[in-house]
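What follows draws every value from the coordinates through simple rules; no lab data is involved. Keep in mind the model is a prediction, meaning the values are calculated, not measured. For neighbour counting, all protein chains shown are included, and Cβ atoms are generated from backbone atoms with ideal geometry for every residue, glycine included.
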DNA sequence: AAATAAATTGCAAACGTTTGCACAAACGTT
DNA sequence: AACGTTTGTGCAAACGTTTGCAATTTATTT
């Protein structure tokens, strides 16, 4: 059970009567080494099942080929889809991935960032904890290693950011409702300064503006925690109004599903009386009935793209700051909750 | 942007006019060092923002304090809940976690296991790919480092295994249906030699036996891929029978939801005509209507437990093989799909 | 044949940490 | 005063790899 030691360069070199350095260079395909020697070395290496000790290597060259990932909540479906993309792309490019969860705790988030750099990761992919306000510490670390933000990002951090076209996606969703003939469109969004929520809200406003529909404050509802339960609760409020809305745009599938449940309870016809649109295309959106119209966000593409940019920065470092924002296109998936005949 | 170097022991030692080894020992709270020195060292270390180079350490002591995790599919909700538990418990105990996805591919699974040991992880937590049959390679690696299996396990691999009480959980679920007065209980399960499926099937059989209910082959349906779509398809078959079942036990929430969808379509009353029970307590089970009765598996507890056993094996290695199986208790959550008044 | 260039290979240092051992000082015991 | 003991500290080796430079061999040129 005790950890058996791996074959080392030294053992190979002894076996072949070569020096350690020659063996090392042969395996790394260094041009100074003759073809002949290279083949002999490679053959024996394979035979003796040689694998380089990554710690010695990382230790020596301060390159670990490890990427750190920090996300608020790993069991959120959208997040785990992104992680899937990250894992796949990283593996493809010969990087390994360490994952941590911040639990939406800003302090913990910085702590993890520190541990990771201390650990020697080559770069970090990060989705910010809700209400990340103090970016000081993050900026400090950004001076030392490249960071790429995705999904929950912040304009206060000058680095590459990979997001979906939140504003446009929301615009499209609301435009869809308007084209259906809806005029009193309510929105259920987040209170706090959440990047995603604000962008989506902006899209909502732009759509109303474009079609000359007045913005009614009463139809703009916010909640701290954009959950199913709160979606239900806010919808109840909407239903108690003298003039009910004729559509609800919830910036989250869960909240939208909560809305549907509430509407169901009060026997409101969906979508005839009130149409509902969500955001995320989570599995649930097809399970609820009526099936939910929603915005599909290609999580794995976000993950892959983020990895690609991060590795690029790692492998060809420049002294300029990278501040580009990459937008991944989403698409509106129309289902029964907004399908009028 | 270039990787700035961290403070090293050498720098600390120079500053304090002490030897490197004294500083090292002071920071590791070695009893040989005087309290006075320890405090001076610690103070300066903090001030100079010293962090040990984990690579040098891991390299030296061949202990990395990294755990490897291999799962079939990270974006499966139950899996990511387990991961959450793993991450939390590991962090608590000062271990870091590397996660890989096997995509249910046996070859890839072994490959990852190899890369991880090569990488120097102290131990591996693994949930097996479906249809893992060739355990040769895994056994080889088990000789070198401790492995703990969870969720998808195999009796062919002599190591600690953390599972839920699959058989009993299924038994309870079916017993619940019987107590409801159901007599023709169908089961939707997996075809291939899946550990979970077989255990659950065994529980199903035991429940029928206990109550003297004949086992009818026609009511035992299997599918390769236990998905929502296949749940729906198999339910359609059940509905086409001359004598329909009066209950369906699907060994997966998704399949159960497929069943509900099919029943819905044919306007079969749930649970009066046919009751439905699933397995997993995924979020969806509360979103479908009627809400699904299902078995709650405490994912994070599984994760935490697995980590605990693994670390124990790492930190106090014995030469005996560890083959205990730890069962985590589940509970049946009764909802509308089987709630009769 | 001598001189130079090119192709291979080896030596040795370096990376930052831990740890067995040796050493020195201070103390207590005969 | 001589001897052990205890306490605190430093020396130096080791972990496995990479890499600048030197050394050797071989090929090419004059």
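Assorted remarks:
- Rg/Rh for the stretch A:22-76, where both radii come from Cα atoms and Rh is the Kirkwood radius: 1.24
- Placing a label point 7 Å from the Cα of residue A:48 along the Cα-to-Cβ direction, the distances to the matching points in the other copies come to 3.9 nm, shortest first.
- Top of A:86, A:220, A:188 by mean-square fluctuation, Gaussian network on chain A, Cα under 10 Å: A:220
- Inter-copy label distances at residue B:31, shortest first and taken from points set 7 Å along Cα to Cβ: 5.9 nm.
- Distance histogram for the protein assembly as shown (every C-alpha pair counted, 10 angstrom bins, percent rounded to whole numbers): 3, 13, 20, 23, 20, 12, 7, 2, 0, 0
- Calculated over the stretch A:176-288, the projected area of the Cα convex hull averaged across directions stands at 6.6 nm².
- Taking A:176, A:264, A:30 in turn, the Gaussian network model of chain A (Cα-Cα springs below 10 Å) assigns the largest fluctuation to A:30.
- Compactness ratio for the stretch B:247-310: Cα radius of gyration over 2.2 N^0.38 Å (N = residue count) comes to 1.35.
- For the segment A:140-147, counting C-beta atoms of other chains within 10 Å of every residue's C-beta and taking the mean gives 2.
- 7 Å along Cα→Cβ, label-point gaps from residue A:217 to other copies, nm, shortest first: 7.3
- Comparing A:169, A:56, A:262 in a Gaussian network model of chain A (Cα springs below 10 Å), the most mobile by mean-square fluctuation is A:56.
- Beta bridges from DSSP with both residues in chain B: antiparallel share about 10 percent, rounded to the nearest 5.
- Semi-axes of the equivalent ellipsoid for the stretch B:55-144, Cα gyration tensor, largest first, Å: 22, 18, 9
- Residues A:132, B:235, B:37, arranged from fewest to most other Cβ atoms within 10 angstrom of their Cβ, appear as B:37, A:132, B:235.
- Taking one quarter of the surface of the C-alpha convex hull of the stretch B:283-324 gives a mean projected area of 4.0 nm².
- Once the Cα gyration tensor of the stretch B:9-48 is diagonalised, semi-axes √(5λ) in Å: 14, 11, 8
- Order of A:117, B:191 - criterion: other Cβ atoms within 10 Å of each residue's Cβ, fewest first: B:191, A:117
- Cα-only Debye scattering, the stretch A:224-341: base-10 log of I(q)/I(0) at q = 0.23 Å⁻¹: -1.21
- The Rg/Rh ratio for chain B, using Cα coordinates for both the radius of gyration and the Kirkwood hydrodynamic radius, is 1.14.
- Calculated log₁₀ intensity ratio I(q)/I(0) where the Debye formula runs over C-alpha points of the stretch B:119-232, q = 0.13, 0.23 Å⁻¹: -0.61, -1.26
- Degrees between helix B:77-92 axis and first principal axis of chain B (Cα, 0 to 90, nearest 10): 30
- Between the stretch A:147-169 and the stretch B:1-56, the C-alpha centres lie 38 angstrom from each other.
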